[in-house]
Amino acid sequence: MSDTTTPSAGEAATHGEPAPGTADGASADAPGILQVLPALVTGGAERGAIDVALAAKEAGFRSYVASSGGPMVRELVRAGIEHFDLPMDSKNLVTMYRNVGRLADLAERLNVDIIHARSRAPAWSAMYAARRSGRAFMTTFHATYNYESPLKKLYNSVMVKGDRVIAISDFIRDHMIEHYNIDWARVRVIHRGIDLKIFDPQAVSAERVVKLATQWRLPDGVPVILMSGRLTRWKGQMLLLQALPEISDLEFRCLFVGADQGRSAYREELESAAKRLGLDGRVHIVGDCNDMAAAYKLADVVVSASTDPEGFGRVAVEGQALGRPVIAPAHGAAPEQIEQGVNGWLFEPGNSHSVATVLREALSLDTEARDKLHEAAIDNVRRRFTKEEMCRKTVEVYRELADRRRMG
């Protein structure tokens, strides 16, 4: 995005009906929250920002979002929440510097209490804007943000500089404390949550499942191993492929669901590996799916195989929400999501033999054991990983910070 064509805060393009400073449905003196993130295209951070924006409005806050835009802005517009088009996706230092003024002006014009940043580049602008305008500053630490140099670590460190810092898992909290020496008293662990209106086995009709099975040309009665996620090496598709020959005596079809996002060379590498491993006809790369709830319900086993630790992988939770056995690596937040042998299985990260071992166990469940796991998996998600719980806890942090700021 070119900085020269971007409006200033006073001229920022907006979406939604409410007038600035008087968010729809909230009184003018209600606490105000401005969430800041690069864009609203797709992803876990983006989904969380939308869900929290709606929940904050519902709780009586004045709720606003600033980003470079994207298709998810429509959800804010439908809810009557203002979105401000600003070049928050830029890592250009000049643009980031100018974003400080844009955000400070916007915060003052809207009279918000908190600027909440969800990504590193906009967080640097948001932090200095908060200081300039006298607002509270808050961050959500979404991932490990790997670093190979002191400069990269410094760049990452803005995510621990909030007056309050949300960690999306215990794993991320521990990572922050170990690598960034943050005062744990400023940290609040709030797990990501999913929408149980979408990921509800009772809400997914047989027709939706049959439609996908037909589209993907799956034979009746053959167990399905499903791995969801964009086609990128660290997601672990190759690791799963390497495990499958060890269970070749079992019937199965393996589906990789997710777009290659232009990584055609990696897709071709996976297809070649499947042929080389004797899996041709048993492995299918099916591309994107716009009905993941039905895809999970279609599956007999859901796999997460990331080679890098994930701050909070949604696949493990979404699969459990549909009552499916889930297997995942024993690193990152997965041990917080899965209780071994109760609602899924953990395997040794990067070890294809370990993957094959737990796959065999999951595919060999009898009806009674599968039913028991089905109930345990659904119960685990509904008690611990709902959108409502995530939003409620985040709004509590907003209230805590807003009250502290207003009391001086």
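The values are calculated or read from the model by the stated rules, or taken from the named source; none is laboratory data. A quick note: this is a predicted structure, and the numbers were derived from the prediction, not measured. Cβ sites come from the backbone with ideal geometry, for glycine too, and all protein chains shown count toward neighbours.
Observations, loosely collected:
- Taken over the range 170-196, the residue count meeting the criterion of being closer than 14 Å to Y145 by Cα and under 17 Å from the mean Cα position of the chain (by Cα) is 3.
- The helices (runs of 4 or more DSSP H) falling completely within the range 81-169 that include 2 or more residues that are more than 23 Å from the chain's Cα centre (by Cα) and among the polar types (S, T, N, Q) map to 93-110.
- Residues that are exposed (fewer than 15 other Cβ atoms within 10 Å of the Cβ) and closer than 20 Å to R324 by Cα, drawn from the range 248-287: L250, E251
- Just so you know, in the range 39-58 the residues that are part of a helix (DSSP H, G or I) and of a type in the set (A, V, I, L, M, F, W, C) include one that is farthest from the chain's Cα centre (by Cα), and it is A56.
- Of all residues assigned to the range 118-133, at least one qualifies as being surrounded by fewer than 17 Cβ atoms within 10 Å (Cβ to Cβ) and closer than 26 Å to E396 by Cβ.
- Single match in R405, R399 (criterion: touching a Pro at 6+ places or on another chain (Cβ under 8 Å) and surrounded by fewer than 24 Cβ atoms within 10 Å (Cβ to Cβ)): R399
Residues are listed down the side, and each one gets a yes or a no for (1) more than 23 Å from G48 (Cβ to Cβ); (2) without any contact (Cβ under 8 Å) to a residue 40 or more places away in the chain; (3) not polar (S, T, N, Q):
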{"residue": "A330", "(1), (2), (3)": "yes, yes, yes"}
{"residue": "A333", "(1), (2), (3)": "no, no, yes"}
{"residue": "A362", "(1), (2), (3)": "yes, no, yes"}
{"residue": "R370", "(1), (2), (3)": "yes, no, yes"}
{"residue": "L373", "(1), (2), (3)": "yes, no, yes"}
{"residue": "R383", "(1), (2), (3)": "no, yes, yes"}
{"residue": "T386", "(1), (2), (3)": "no, no, no"}
{"residue": "M407", "(1), (2), (3)": "yes, yes, yes"}
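- Residue in the range 346-356 that is closer than 29 Å to P219 by Cα and polar (S, T, N, Q) present: yes
- A search for C-beta distances below 6 Å between a residue of the range 261-284 that is assigned by TED's automatic domain parsing to the domain that holds K235 and any residue that is of a type in the set (S, T, N, Q) and buried (at least 16 other Cβ atoms within 10 Å of the Cβ), counting only pairs 6+ apart in sequence or on different chains, returns L270/Q237.
- Residue among N351, N343 that is surrounded by 15 or more Cβ atoms within 10 Å (Cβ to Cβ), free of Cβ contacts under 8 Å to residues at least 24 places away in the same chain and not assigned by TED's automatic domain parsing to the domain that holds A59: N351
- Residue, surrounded by the fewest Cβ atoms within 10 Å (Cβ to Cβ), within the range 97-113, restricted to residues that are closer than 24 Å to G60 by Cβ and in contact (Cβ under 8 Å) with a residue 60 or more places away in the chain: R109
- The selection criterion, being within 29 Å of I182 (Cβ to Cβ) and not in a helix (DSSP H, G or I), holds for S63.
- Qualifying residue in the range 187-196 (condition: of a type in the set (D, E, K, R), under 19 Å from A117 (Cα atoms), part of a helix (DSSP H, G or I) and at pLDDT 95 or above): no
- Scanning the range 167-186 for residues that are crowded, with 20+ Cβ neighbours inside 10 Å and of a type in the set (A, V, I, L, M, F, W, C) returns A167, I168, F171, I172, M176, I182.
- Condition check for Q242: touching a Gly at 6+ places or on another chain (Cβ under 9 Å), part of a helix (DSSP H, G or I) and buried (at least 16 other Cβ atoms within 10 Å of the Cβ): no
- Picking from residues in the range 288-298 that are crowded, with 18+ Cβ neighbours inside 10 Å and not aliphatic (A, V, I, L, M), the one that is modelled with the lowest pLDDT is C289.
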